[in-house]
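Only the coordinates and a few stated rules stand behind these numbers; no lab work does. Quantities reported herein were computed from a predicted structural model and do not represent experimental measurements. Neighbour counts run over all protein chains shown; Cβ positions are idealised from the backbone, glycine included.
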């Protein structure tokens, strides 16, 4: 079953953070973009969802930072 466009966009954001080559934590940029996606669909993240999304984005961003510093 295909996921909604909103979840596809969020998945894309996570993948982009994980592949980032900026060498710095981009978690807050990811959170901002996820919140834009949710607002577009007239949905808001509750506190628990926001905490979970922030943790997921921080993990993805830290992977990118780690890879970038090892190169």
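Here are some notes:
- Theoretical FRET efficiency, 1/(1+(r/R0)^6), r = Cβ-Cβ of residue 52 and residue 19, R0 30 Å, to 0.05: 0.90
- Computed extension length for residue 6-residue 41: 11.9 nm, one decimal, from 0.36 nm per residue of separation with the Cα-Cα distance subtracted.
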